[in-house]
1. How many residues does the stretch 129-143 contain that are assigned to a strand (DSSP E or B) and either touching a Cys at 6+ places or on another chain (Cβ under 6 Å) or of a type in the set (S, T, N, Q) (or both)?
2. Condition check: open to solvent by 40 Å² or more (accessible area, probe 1.4 Å), more than 22 Å from Ile40 (Cβ to Cβ) and modelled with pLDDT of 90 or more. Does His171 satisfy that?
3. Please go through the stretch 99-119 and give me each residue that is open to solvent by 10 Å² or more (accessible area, probe 1.4 Å) and modelled with pLDDT of 95 or more, ordered by number.
4. Return the residue satisfying two criteria in turn: it lies in the stretch 120-131 and is open to solvent by 30 Å² or more (accessible area, probe 1.4 Å) and more than 14 Å from the chain's Cα centre (by Cα), and of such residues it is modelled with the highest pLDDT.
5. Would you check which residues across the stretch 56-87 are within 20 Å of Val155 (Cβ to Cβ) and either among the aliphatic types (A, V, I, L, M) or in a strand (DSSP E or B) (or both) and list them?
6. List pairs: first in the stretch 69-87 and within 11 Å of Cys135 (Cα to Cα), second of a type in the set (S, T, N, Q), Cβ under 8 Å, 6+ apart or cross-chain?
7. Sort out which residues of the stretch 132-150 are under 15 Å from Asn165 (Cα atoms) and either surrounded by 24 or more Cβ atoms within 10 Å (Cβ to Cβ) or of a type in the set (Ser, Thr, Tyr) (or both), and write them in order of number.
8. Being of a type in the set (S, T, N, Q), more than 17 Å from Gly149 (Cβ to Cβ), modelled with pLDDT under 75 and open to solvent by 40 Å² or more (accessible area, probe 1.4 Å) narrows it down to one residue among Asn59, Asn13, Asn65, Asn70; which is it?
Amino acid sequence: YVFDTSEITLDKNYTCDDGFYAGGITISKQITIDGKGHTISGLYGVSDTEMGLFTATANTTVIQNLKVTNSYFESSVNGLGAIAGGGLGTFKNIYAEAILVGTGGDSAGAVGGIVGEAEATKGTALTIENCWSNCQINVDGKRVGGILGSGNASVVIVSIKHCLNTGTLTHTST
């Protein structure tokens, strides 16, 4: 699904029963998603594509004031995060508590609690600010982090400020 609006505001807490599902949501234009402190919980997704609440986000995306809890995401490719598999734009005031499993070996290592991989597009930016990851991350690839799994600093400007990881990182060598 691709959003065709400039702003989305959550009006309550949501679960999978309310129509939310993991992955498949791609944001490719300027948009602000303000969770207003609400929670999306119980997401489950297993895929061979980028995975998270959002598959990918654009350079002009703002996602803020949101909680994702009690969720499970698994992928065999690069880009696995509780909020976004492939992320650009701004993520602020976010809490994530999920189990993240990266199963593709070294070719699928970009796993992070908030964002899996900063998409490598020249001149773009990723800002993660005031975020807390309490994710259980299990990966058999190389690139993993409590907040961000991987960022290509030669083409993407990455800024991580005032973030906390209290989750676990487990690497299984293959």
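The values are calculated or read from the model by the stated rules, or taken from the named source; none is laboratory data. As the structure is a computational prediction, the values presented were derived from the model and not from experiment. Virtual Cβ from ideal backbone geometry, glycine too; neighbours counted across all protein chains shown. Just so you know, the surface numbers come from the protein's heavy atoms only, side chains and all, with ligands and any DNA or RNA stripped out. Shrake-Rupley method; radii C 1.70, N 1.55, O 1.52, S 1.80 Å.
1. Going residue by residue through the stretch 129-143, those that are assigned to a strand (DSSP E or B) are 129, 132-133, 136-139.
Applying the additional criterion that residues be either touching a Cys at 6+ places or on another chain (Cβ under 6 Å) or of a type in the set (S, T, N, Q) (or both) yields 133, 136, 138.
Total satisfying the criteria: 3.
2. Details: open to solvent by 40 Å² or more (accessible area, probe 1.4 Å): yes; more than 22 Å from Ile40 (Cβ to Cβ): yes; modelled with pLDDT of 90 or more: no.
Judged against the criteria, His171 is not a match.
3. If the condition is that a residue be open to solvent by 10 Å² or more (accessible area, probe 1.4 Å) and modelled with pLDDT of 95 or more, then Ile99 is the only one that fits.
4. Asn130
5. Step one: filter the stretch 56-87 for residues within 20 Å of Val155 (Cβ to Cβ), giving 56-61, 77-79, 81, 84-87.
Hits for the stretch 56-87 are Ala56, Ala58, Thr61, Val77, Gly81, Ala84, Gly85, Gly86, Gly87.
6. If the second residue must be of a type in the set (S, T, N, Q), the pairs left are Thr69/Thr39; Thr69/Ser41; Asn70/Ser41; Ser71/Ser41; Ala82/Ser71; Ala82/Ser133.
7. Pass one, the stretch 132-150, residues under 15 Å from Asn165 (Cα atoms): 132-138, 144-149.
Ser133, Cys135, Ile137, Val144, Leu148, Gly149, listed by residue number.
8. Numbers: Asn59 fails: modelled with pLDDT under 75; Asn65 fails: modelled with pLDDT under 75; Asn70 fails: modelled with pLDDT under 75.
Result: Asn13 is the single residue among Asn59, Asn13, Asn65, Asn70 that is of a type in the set (S, T, N, Q), more than 17 Å from Gly149 (Cβ to Cβ), modelled with pLDDT under 75 and open to solvent by 40 Å² or more (accessible area, probe 1.4 Å).
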